[in-house]
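Inspection log for the structure reproduced underneath, given as structure tokens.
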């Protein structure tokens with residue numbers, strides 16, 4: 001359910017996306033943006049916005065899980081576990097108003113984005 005929503009939002013907003021690699025990069029960037037908004041909402045004690053932004057991040061992570069090709073081996077399996085853990089962190093951050101858990105997730109996605117950009121540039 002969440003996954004299709006995330007994909008549709010990005011597809012509608014970026015009709016000219018050149019490649020699936022660019023879409024993954026945009027999804028990672030989306031998680032970072034939405035986590036920043038959720039963090040602000042937690043600090044502002046805005047429950048409605050906190051839930052909204054965390055749900056948006058979870059939708060993207062769910063989409064990332066859905067596009068994994070597990071037949072590709074250990075990397076895909078590792079990413080599936082990592083993404084599932086990020087969903088757990090995001091859920092806990094929302095329930096507990098825990099900025100540290102949100103920051104942990106953000107740091108993981110910063111690292112993933114950097115690594116993705118490096119491998120995408122090498123592949124070109």
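For Cα pairs less than 8 Å apart in space and 6+ apart in sequence, what is the mean separation divided by the residue count of the stretch 38-121, i.e. the relative contact order in percent? In percent, rounded to a whole number, it is 25. Sorted fewest first by neighbouring Cβ atoms within 10 angstrom, 19, 120 come out as 19, 120. Overall shape of the stretch 2-123 was characterised from the C-alpha gyration tensor. The equivalent ellipsoid obtained from it has semi-axes of 24, 16, 13 Å, in decreasing order. Taking other C-beta atoms within 10 angstrom as a stand-in for reagent exposure, 60, 42 fall in the order 42, 60, fewest first. Packing here is the average count of other Cβ atoms within 10 Å per residue, and on that basis the peptides 66-79, 27-40, 94-107, highest first, run 27-40, 94-107, 66-79.
No lab work stands behind these numbers, since they all come straight from the coordinates. This one's a predicted model, so the numbers in the text were calculated from it and none came from an experiment. Neighbour counts are summed over all protein chains in view; Cβ atoms, including those assigned to glycine, are modelled from backbone coordinates with ideal geometry.
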